[in-house]
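**Student:** Below: one structure in structure tokens.
Where a number appears in this text, it was derived from the coordinates with a stated rule and is not lab data. Just so we're clear, the structure is a prediction, and the values are computed from it rather than from any experiment. Positions of Cβ are generated from backbone atoms using ideal geometry, with glycine treated the same way; all protein chains shown enter the neighbour counts.
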């Protein structure tokens, strides 16, 4: 009977266990032990080779958080060195929950820099040492995957006194594509846009980092979360999954956190009254008329929700360190399999009250981007567009009776011409735009024309302002679709639009895309969209802009909420009537934020309004500075006549 080894702080202790040692012992030891049973008192552990010690050694019984505190070395960032709980006290319960035998999935929904990746790496470090099994680590892209392996995972393993001994000296067993350890564990980095990187291998553990940056579909297969979860099938009730991300309207919040069997939220504890507090914007100590700029300069304090005590930044930090998790869903469950954790910037030590107050004031007075940034980056939730029911009168309130049709307002030099292509003819709108963070837009003309030449004439037209200056169109954007023929659903004018834009470089084709990540993606068009794939007869074909169309629809809906005359608002010229207003009310957003247009309702001017928001972004009008010009010199290339 040969005892197995258990690690103690002083030495490796042996406990009774029968294993065949003769096949792996050195020759001199085999000859000494041949035909005899020897206990630990007769065979010092020091004569055993390291490979035998690894076989005999029993995993340490230790919680994940304690394991991180004892053995984990942080290799980058502001807190480089031994892991210390005081830098991220909220992560302790998350790690220990991952280590519970009945927990199958952990979802960590938190803001940027809230310790998500390091928490996952701590759990991985514990799994390698205390409960070995193959590991998938899924990142959004191949570049992200290579970066996390090269800059985080491999340095973590190399500097760990518990697992560094498991690293192989062979180069082919420790690369960016695969890390094979001496205890049999294989770490398999994968990236969400490649189904093949998630195939073939089975894994006991699956870690998904920044899951809301994953594409909706991995290639032509299912979403990456579903694909990576299939790698655990053979482990049945022994697998574990850990997903984390800052929310961005995809997986982590709605599909992950809210569907967990048990959900925890972090609360801070007031250093004065001892009550657990859920911090909120209503208790920020802001002066009347405070702005984003003033908050950035002077900062602010916080008023306790319970006792009205004033917290400065130091007291807020005390409150965070003294805080704890409370269960907001599934409190009656003693052994939940799927557990979620929700962590906001209010409870994050690395986010100051100054930053929170500034972001709150910016979102309060800003548009869609600012509201989304507040929801995702501070409240750690998906932004839900609050759609107000629109009617024709609500749209017509934006009409300025003192704004004549065809006249450019002063100090609004940029003119954009936006066109919605139809099966026959075109709807168009001409907009005068300002510059700066709050771009004001005034419609100066709209209508319907039949021929391509009419669009050329509009693009070359000189528009007069009230002070007599002449302006020309800065850029024209035209829908590349073209509608459908009721007798031929495949009818499209896309080829004709490309040819028109090729011959008239003022115009650029645009196309909506509901699934892309970027707000807009320029794509060079070299071939006509025909079955023959005919090449466009010019080396430099037109550039088509693919738009994240739902984003710009949300932005347009928000702009329509701004009252007339307010910064960033929309003004319509005096000739706008009920037909235009009805089209602006055609589309609506459902409870999931998806936009719909009822069958039979015209929405041409709504589409043009969406294209206009995209055009302003593409032309970078918020960042464009007014350019001074000598009096009497026409500068058509910039759309302004000075």
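**Student:** Test of understanding: ordering 83, 107 by Cβ neighbours within 10 Å, fewest first, what list do you get?
**Tutor:** 83, 107
**Student:** For the range 230-321, just say rounded, prolate or oblate: build the C-alpha gyration tensor, square-root its eigenvalues into a ≥ b ≥ c, call rounded for a/c under 1.5, and beyond that prolate if a/b exceeds b/c, oblate if not.
**Tutor:** prolate
**Student:** Would you mind classifying the range 262-377 by shape? Square roots of the alpha carbon gyration tensor eigenvalues, ordered a ≥ b ≥ c; an a/c under 1.5 is rounded, otherwise it is prolate if a/b is larger than b/c and oblate if not.
**Tutor:** Oblate shape, in that a/c is at least 1.5 and b/c is the bigger or equal ratio.
**Student:** What is the fewest-to-most order of 254, 372 by other Cβ atoms lying within 10 Å of their Cβ?
**Tutor:** Going from least to most buried by this count: 254, 372.
**Student:** For residue 158 and residue 176, compute 0.36 nm times the residue count separating them, minus their Cα-Cα distance, and round to one decimal in nm.
**Tutor:** Length gained between residue 158 and residue 176: 5.0 nm.
**Student:** Given an 8 Å cut-off on Cα distances and at least 6 residues of separation, report the relative contact order of the range 64-259 as a percent.
**Tutor:** 25
**Student:** Give me the distance in nm between label points sitting 7 Å out from Cα along the Cα-to-Cβ direction at residue 186 and residue 438, one decimal.
**Tutor:** 6.0
**Student:** Oh, and also: Please label the shape of the range 64-259 as rounded, prolate or oblate, based on the square roots a ≥ b ≥ c of the eigenvalues of the alpha-carbon gyration tensor (a/c under 1.5 means rounded; beyond that, a/b larger than b/c means prolate, else oblate).
**Tutor:** rounded
**Student:** If I take R0 = 56 Å and measure r between the Cβ atoms of residue 230 and residue 296 in this structure, what FRET efficiency does the formula 1/(1 + (r/R0)^6) give, to the nearest 0.05?
**Tutor:** Computed FRET efficiency for residue 230 and residue 296 comes out at 0.75.
**Student:** Contour minus end-to-end for residue 352 and residue 329, with contour as 0.36 nm per residue of separation and end-to-end as the Cα-Cα distance?
**Tutor:** This chain segment gains 5.4 nm when fully extended.
**Student:** Let me ask something else. By average Cβ neighbour count within 10 Å, what is the ranking of 181-190, 260-269 from highest down?
**Tutor:** Taking the mean over residues of other Cβ atoms within 10 Å, the ranking is 260-269, 181-190.
**Student:** When 500, 341 are ordered from fewest to most other Cβ atoms inside 10 Å of their Cβ, what list results?
**Tutor:** So the ranking, lowest neighbour count to highest, is 500, 341.
**Student:** Can you work out D for the range 350-406 in µm² s⁻¹ from Stokes-Einstein, where Rh is the Kirkwood radius over C-alpha pairs, the temperature is 20 °C and the viscosity is 1.002 mPa s?
**Tutor:** Estimated via Stokes-Einstein, D reaches 152 µm²/s.
**Student:** If packing is taken as the average number of other Cβ atoms within 10 Å across a peptide's residues, how do 118-128, 444-454, 565-575 rank, most packed first?
**Tutor:** Output ranking for 118-128, 444-454, 565-575: 118-128, 565-575, 444-454.
**Student:** Tell me, in nm to one decimal, what length is gained between residue 450 and residue 255 on full extension, where the rule is 0.36 nm per residue of separation less the Cα-Cα distance?
**Tutor:** This chain segment gains 65.5 nm when fully extended.
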